[in-house]
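Student: Before we start, here is the structure in question, set down as structure tokens.
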Amino acid sequence: MLQCIFFLSDSGEVMLEKQMTGHRVDRSICAWFWDYVLSQGGDPSKILPVIASPTHYLFQLFRDGIIFLACTQVEMPPLMGLEFLRRVADVLTDYLGGLNEDLIKDNFIIVYELLDEMMDNGFPLTTEPNILREMITPPNIVSKMLSVVTGKNSNVNTRLPDATASCIPWRKTNMKHASNEVYVNLVEEMDAVYNRDGALVKCEIYGEVQVDSHLPGLPDLTLSFSNPSILNDIRFHPCVRFRPWESDQILSFVPPDGEFKLMTYRVKKLKSTPIYVKPQLTSDTGNCHINVLVGVRNDPGKTIDSITVQFQLPFCVASANLTSNHGTVNILADKTCSWSIGQIPKDKSPSLSGNLVLETGLDRLHVFPVFQVGFKIMGVALSGLQIHKLDIKNAPSQPYKGFRALTQAGEYEVRS
């Protein structure tokens, strides 16, 4: 049972407080939490998701500069608290078209109304976006103008959605669509770490099966994969029937209407990555010469796009002069160097080179940067996961079925 939820900015300011039960949680717990964040380096994204304070158990999620902090004093499954915070973040992103401090402050009423419907006396209640949209009207220009003219600030519908009394609460009854189609997307993020010797230390993929459904009636879908044995750490949407997956590795479900995340998974211990980044740093009497080479390691068969290399210049660097033979190089005020490459040309390998001037009194560079790599590949899932077939039952007519794949870099690090 969650007793309270706070929204904090990335500077520790409390933006929103929602008490979930009759037992009030004092805001001093936020001050304790922020002191804990500062003691751990000041980066909220690196903090443990579950923390035990002297008075409460804390669950925290950092998303797009917002810290979602939930508190309880009773024993409860920690994954329930973390999953609820993820649902809150996903719903707000869907409702507000993004997630940042200004959007939260501009839509306080919507946020409070959503939290009222999503939790009842400390326990999760309605967390499905499709049903919440029937209960609470998403913000738009017309609704804001009407609230100013009429003085009515509530966005809550006076009529309870039919699906709340159904055995399938994530889908409206008697759904009708002009289009009759469903899309299944494999969206993957590759996390990799290369050590300073160029050896691959870690390489795994976090993936999502995203579905965009516009099917009339009450369709029953069955999705199967060619190689489901490679999947680990699987999580399902509530619409998935667990028994068919447990026995035959088949996803059987009645889909919600619109976009939703059907399943998440992880594929571990991959042996290679699509591109290489080879940094070389050589110090010489107050200067450090840097050279970074980027190229294709294993051709995925599709175009590798949106390639970027970013790294933080060490604090002991007084100035830097960097150039590249392809793309653009920018050095920001906080000493972050960003190299935008785009696509790798066929006639040459992109390289970045230049000179770093160290502060007075330093002969050599003692702190070496970590290179963060970004890329995007459309049309391929690098995990090797393949969709075998998608069957649709109870459809009044044959629907259109589309399949897409995308792989992009997650936490992709190259150490120098």
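The values are calculated or read from the model by the stated rules, or taken from the named source; none is laboratory data. Only a predicted model underlies this, so the values are computations on that prediction, with no experimental measurement involved. Neighbour counts run over all protein chains shown; Cβ positions are idealised from the backbone, glycine included. Just the protein is used for accessible areas: all its heavy atoms, side chains included, with ligands, DNA and RNA removed. Shrake-Rupley method; radii C 1.70, N 1.55, O 1.52, S 1.80 Å.
Student: Tell me what the chain gives for mean residue ellipticity at 222 nm when only DSSP H runs of n ≥ 4 count, each as -39,500 (n - 2.57), the sum divided by the residue total, rounded to 500 deg cm²/dmol.
Tutor: -5000 deg cm²/dmol
Student: Using the alpha-carbon centroid of each, what span in Å lies between the stretch 64-83 and the stretch 276-327?
Tutor: Cα centres, the stretch 64-83 to the stretch 276-327: 39 Å.
Student: With every protein chain kept in the model, how would you rank Glu246, Glu188, Glu208 by accessible area, 1.4 Å probe, largest at the top?
Tutor: Listed by decreasing accessible area, they come as Glu246, Glu208, Glu188.
Student: Can you give the FRET efficiency for Arg235 and Ser306, using 1/(1 + (r/R0)^6), R0 = 25 Å, r = Cβ-Cβ distance, to the nearest 0.05?
Tutor: Calculated value: 0.35.
Student: Further question: Note down the nm distance, to one decimal, between modelled labels 7 Å out along Cα→Cβ at Ala178 and at Val14.
Tutor: The modelled label-to-label distance comes out at 4.9 nm.
Student: Then there's this: Leaving out ligands, DNA and RNA, what percent of the accessible area of the stretch 208-319 is carbon and sulfur, probe 1.4 Å?
Tutor: Whole-percent figure for carbon plus sulfur exposure: 46.
Student: While we're here: Compute the FRET efficiency between Ala31 and Arg86 as 1/(1 + (r/R0)^6), taking r as their Cβ-Cβ distance and R0 = 22 Å, and round to the nearest 0.05.
Tutor: The formula returns an efficiency of 0.30 here.
Student: Suppose the chain between Ala52 and Leu79 were pulled fully straight at 0.36 nm per residue; how much longer would it get relative to their current alpha carbon spacing?
Tutor: Residue separation times 0.36 nm, minus the Cα-Cα distance, leaves 8.2 nm.
Student: Right, next: So, counting K/R as plus one and D/E as minus one, what does the shell of residues with Cβ under 10 Å around Val414 add up to?
Tutor: Net of charged neighbours comes to +2.
Student: Sticking with this one: Using alpha-carbon pairs under 8 Å, 6+ residues apart, how would you state the relative contact order of the stretch 4-162 in percent?
Tutor: Answer for the stretch 4-162 is 18 percent.
Student: Could you check the spin-label model distance between His23 and Asp212? Points 7 Å from the Cα along Cα→Cβ, value in nm.
Tutor: Using points 7 Å along Cα→Cβ, the separation is 4.5 nm.
Student: Follow-up question, since we're still on this one. Using Cα centres only, tell me the gap between the stretch 402-416 and the stretch 180-239 in whole Å.
Tutor: 13 Å
Student: Compute the label zone of Arg404 within the stretch 204-238: residues whose backbone N is under 13 Å from the point 7 Å along Cα-to-Cβ.
Tutor: 210-213
Student: Can I ask one more? Which FRET efficiency value, to the nearest 0.05, do you get for Ser340 and Glu117 by plugging their Cβ-Cβ distance into 1/(1 + (r/R0)^6) with R0 = 56 Å?
Tutor: My answer for the efficiency is 0.85.
Student: Another question, then. Of the labelled options [x] 242; [y] 194; [z] 146, which one gives volume of the Cα convex hull per residue in Å³ as computed for this structure?
Tutor: Given [x] 242; [y] 194; [z] 146, the structure-derived one carries the label [y].
Student: Over the chain, calculate the relative contact order: mean separation of alpha carbon pairs under 8 Å at least 6 apart, over the residue count, as a percent.
Tutor: 14 percent
Student: Just order 382-392, 111-121, 357-367 by mean Cβ neighbour count inside 10 Å, highest at the front, would you?
Tutor: Put in order of decreasing packing, that is 111-121, 382-392, 357-367.
Student: If contacts are Cα pairs under 8 angstrom and at least 6 residues apart, what is the relative contact order of the stretch 1-51 in percent?
Tutor: Taking the mean separation of contacting Cα pairs over the length of the stretch 1-51, I get 27 percent.
Student: List the lysines whose Cα sits under 21 Å from the Cα of Lys261, skipping any in the same chain fewer than 8 residues away.
Tutor: Of all the lysines, those that pass the test against Lys261 - Cα under 21 Å, at least 8 places apart if same chain - are Lys172, Lys376, Lys389, Lys393, Lys401.
Student: Sum up the charges of everything whose Cβ sits under 15 Å from the Cβ of Val14, counting Lys and Arg as +1 and Asp and Glu as -1, but leave Val14 out.
Tutor: Taking every other residue near Val14 into account, the sum is -2.
Student: Starting from the Cα coordinates of the stretch 1-141, work out the convex hull volume and express it per residue in Å³.
Tutor: Normalising the Cα hull of the stretch 1-141 by residue number yields 99 Å³.
Student: Ala199 label point, 7 Å along Cα→Cβ, cut-off 17 Å on backbone N: hits in the stretch 262-298?
Tutor: 269-273
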